[in-house]
1. For residue 439, are the conditions met, namely being out of contact with any strand residue (DSSP E or B) (no Cβ under 9 Å at 6 or more places or on another chain), modelled with pLDDT of 85 or more and assigned to a helix (DSSP H, G or I)?
2. Given the structure, is residue 192 modelled with pLDDT under 90 and assigned to a loop (DSSP other than H, G, I, E, B)?
3. Return yes when residue 208 is at pLDDT 85 or above, loosely packed, with under 14 Cβ neighbours inside 10 Å, in a helix (DSSP H, G or I) and touching a strand residue (DSSP E or B) at 6+ places or on another chain (Cβ under 9 Å) and no when it is not.
4. Take residue 457 and decide whether it is without any contact (Cβ under 8 Å) to a residue 24 or more places away in the chain and exposed (fewer than 12 other Cβ atoms within 10 Å of the Cβ).
5. Provide a single number: the residues in the stretch 360-372 that are surrounded by 20 or more Cβ atoms within 10 Å (Cβ to Cβ) and farther than 19 Å from residue 208 by Cα.
6. Starting from the stretch 23-36, keep only residues that are assigned to a helix (DSSP H, G or I), then list their pairs with residues that are modelled with pLDDT under 75 whose Cβ atoms are within a distance under 7 Å, requiring at least 6 positions of separation or different chains.
7. Can you name the residue in the stretch 327-340 that is touching a residue at least 60 places away in the same chain (Cβ under 8 Å) and assigned to a helix (DSSP H, G or I) and is also nearest to residue 233 (Cα to Cα) among such residues?
8. Restrict the check to the stretch 272-290 and report whether at least one residue is closer than 30 Å to residue 448 by Cα and assigned to a helix (DSSP H, G or I).
């Protein structure tokens, strides 16, 4: 593997990028200079090592009609560059040349021994390479420049799923995947589709609800509220819904964005005295998707506007999809009327992953990327890395990248060696949020009571136990723990720890509760 990666660098690097000479000659000096500036910016931002391994092999193929097409030698490299660097390539390029609105990465082959390039036809390379593209919006309100053969504001992604090609759908709609600061909708990840979502017991209900909503012609339930911990698949399902609607019902307008961006756009509308346009934009869509709604906790003005937008869309029979890290009833500093609205539709939770689900995710990812990972290694990773799917996939990528770049055979010893820091952290990783949830369940109180000002004994004692366990089972400092418990001072946490220590020794019943909770959290 080491030879394969390094061998392509001489072909795909800064000389001719593995592109036929006639195609290379077609690039004008301005385009070549712009690409060189982009490369230098990437080298400066990500460092020499990352640049040498991942960015130096990227070659410029063509720039036509506002689309820059780049080539890489392998599917694994394309996926890695798309995931980690494509946004910055897009941003740098657009800042240097406003006429480039899309960046497309495709897999190309290096020259054979006779010097004839196997990727002489860039169109053929695109058709068979699972290309990844990101579009940049221009102008206010997401008014993008048009893509060749498509209507304005549309982002094209051609990706193969399970061997069957799914071509993009043209429909004269606003782009779901706009990447510009002025675009309403955030970018959609082409990997996040229903086909790529691995289903298991922890997420099967949320998946079924998302799929039903995406396939429905009318509104089946409103809103759909997805909640769960970090990296469990909420964003994946939201992107999947948006992709599915875009492909099957291109006449419907969809906005997907984070609650943070919603707040940012609202504040900007207030500043510019342009709230009428803001309301028109958000209240005229068919599907509004807002990720991480917990972000607007305590933001009264934003909550007010979101509440009215919510009501306007529901009254018009438009679909709303929301995600958060907690259920509607457990969201803090959210107005009661908004909390009630959020919980009025279908609430679907995504639980922590099981061993079987984690193993299935690794097997699916290996198959999708066309890489071989020994079964024992996948079982080891699924058993050891339990925090969330994002961390599991990160470990997988790290193992594959190391094997490709260093040429080392993948085995248990190699995995333990290169993932020593991740494995060490996973052995003792318990989050404060998990502790609060387990303690609240055990003592039959609400999770929100952990952050409240209530001082009743039935609430205060479990809260102290949770603080005590947070000190014992996490590496967080006392001030950090205090902030997680409603912004309390570190001296309050110190008092709670001392008090529970005393009760642990003198109260057999409470001592048994603490030991049980500790075993549950450490298992």
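The values are calculated or read from the model by the stated rules, or taken from the named source; none is laboratory data. Everything numeric in this text was worked out from a predicted model, so none of it was measured. Cβ sites come from the backbone with ideal geometry, for glycine too, and all protein chains shown count toward neighbours.
1. Values: out of contact with any strand residue (DSSP E or B) (no Cβ under 9 Å at 6 or more places or on another chain): yes; modelled with pLDDT of 85 or more: yes; assigned to a helix (DSSP H, G or I): yes.
Against the criterion (out of contact with any strand residue (DSSP E or B) (no Cβ under 9 Å at 6 or more places or on another chain), modelled with pLDDT of 85 or more and assigned to a helix (DSSP H, G or I)), residue 439 qualifies.
2. Details: modelled with pLDDT under 90: yes; assigned to a loop (DSSP other than H, G, I, E, B): yes.
Here the answer is yes, as residue 192 does meet what is asked.
3. Details: at pLDDT 85 or above: yes; loosely packed, with under 14 Cβ neighbours inside 10 Å: yes; in a helix (DSSP H, G or I): yes; touching a strand residue (DSSP E or B) at 6+ places or on another chain (Cβ under 9 Å): yes.
Yes.
4. Numbers: without any contact (Cβ under 8 Å) to a residue 24 or more places away in the chain: yes; exposed (fewer than 12 other Cβ atoms within 10 Å of the Cβ): yes.
Criteria met by residue 457.
5. Going through the stretch 360-372, the residues surrounded by 20 or more Cβ atoms within 10 Å (Cβ to Cβ) turn out to be 361-362, 365.
When the remaining residues are screened for being farther than 19 Å from residue 208 by Cα, the result is 362, 365.
Residues flagged as surrounded by 20 or more Cβ atoms within 10 Å (Cβ to Cβ) and farther than 19 Å from residue 208 by Cα within the stretch 360-372 amount to 2.
6. 24/16
7. Here the residue is 328.
8. No, the conditions are met nowhere in the stretch 272-290.
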